[in-house]
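What follows is a set of notes on a single structure, which appears directly below.
The values are calculated or read from the model by the stated rules, or taken from the named source; none is laboratory data. Quantities reported herein were computed from a predicted structural model and do not represent experimental measurements. Cβ: placed from backbone, ideal geometry, glycine included. Neighbour counts: every protein chain shown.
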Amino acid sequence: MTTDLQNDESARGPEPEIDPVRRTSNSRVVLVCVSALLFMGAAAWAAVPLYQLFCQVTGFGGTPMRADQIPNQVFDRVITVRLDSNVAPGLPWSFEPVQRTMDVKVGENMLGFYKAHNASDKPITGTATFNVSPYAAGPYFAKIDCFCFTEQTLQPGETVEMPVSFFVDPSIMDDREADRIREITLSYTFYPMTSGPQAGVQTTKEPKQGG
């Protein structure tokens, strides 16, 4: 005796087999999607340091370039460099330039100083971001050495002077737009490190200007 269920199964026929080629293709699609997600995650993690490196190499966005050596020629052309300072919320430091303006000859290596003081009762580590304005000066304002290249730790009540060695590249005179620049502002903002026992206490206040 044949049941209705058996009749239905006979009418449908045997279950189709999955094509091995299709199974392999689907596995490849999954593998490609997973690989793409991993790549995007790694790219996002590396985006900030790569962007900073790009800016330092190209001067993009007014970021001063890093240089390994000073120019071999100094010109009579003089540009006034103004030193500016800011302190971000959560960092109980005072931070200001020792000398607010400097007259710099194009190609001349100069040494400027900033003074920082830790007004808290504990060691605190900070890091400085920097840029120059106008932005057109970025590709021609180069730093040999700077306190901003590394983190800075100040002990309770400690005051330090931090140097920055820089020059204005002579190629600025070959740039029609940048050659009109007569004043450049070098600006730093110190931020507290946000991890570890030496991190500052975060607040909602606006950055304090010191120069």
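A quick yes/no check of all residues on (1) surrounded by 15 or more Cβ atoms within 10 Å (Cβ to Cβ); (2) at positive phi; (3) modelled with pLDDT under 95:
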residue	(1), (2), (3)
GLY62	yes, yes, yes
ASP76	no, no, no
LEU83	yes, no, no
MET102	yes, no, no
ASN109	yes, no, no
ASP121	no, no, no
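Report the residue count in region 136-156 for those that are surrounded by fewer than 18 Cβ atoms within 10 Å (Cβ to Cβ) and touching a Ser or Thr at 6+ places or on another chain (Cβ under 9 Å). Don't jump to the end; show me each part of the working.
So in region 136-156, the residues surrounded by fewer than 18 Cβ atoms within 10 Å (Cβ to Cβ) come out as 144-145, 149-151, 153, 155-156.
Adding the requirement that they be touching a Ser or Thr at 6+ places or on another chain (Cβ under 9 Å) leaves 144-145, 150-151, 153, 156.
Residues meeting the conditions: 6.
For region 84-109, give me the residue count where each residue is outside any strand (DSSP E or B), basic (Lys, Arg) and closer than 28 Å to ASN72 by Cβ.
To start, the set of residues in region 84-109 that are outside any strand (DSSP E or B) comprises 88-92, 98-100, 106-109.
This time we only want the ones that are basic (Lys, Arg), so: 100.
Right, trim to closer than 28 Å to ASN72 by Cβ and you get none.
Residues flagged as outside any strand (DSSP E or B), basic (Lys, Arg) and closer than 28 Å to ASN72 by Cβ within region 84-109 amount to 0.
Let's see how each residue does on (1) more than 17 Å from VAL168 (Cα to Cα); (2) in contact with a Gly (Cβ under 8 Å, 6 or more places away or on another chain):
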{"position": "GLU96", "(1), (2)": "yes, yes"}
{"position": "VAL104", "(1), (2)": "no, no"}
{"position": "ASN109", "(1), (2)": "no, no"}
{"position": "ALA119", "(1), (2)": "yes, yes"}
{"position": "LYS122", "(1), (2)": "yes, no"}
{"position": "PRO134", "(1), (2)": "no, yes"}
{"position": "ALA137", "(1), (2)": "no, yes"}
{"position": "PHE141", "(1), (2)": "no, yes"}
{"position": "CYS148", "(1), (2)": "yes, no"}
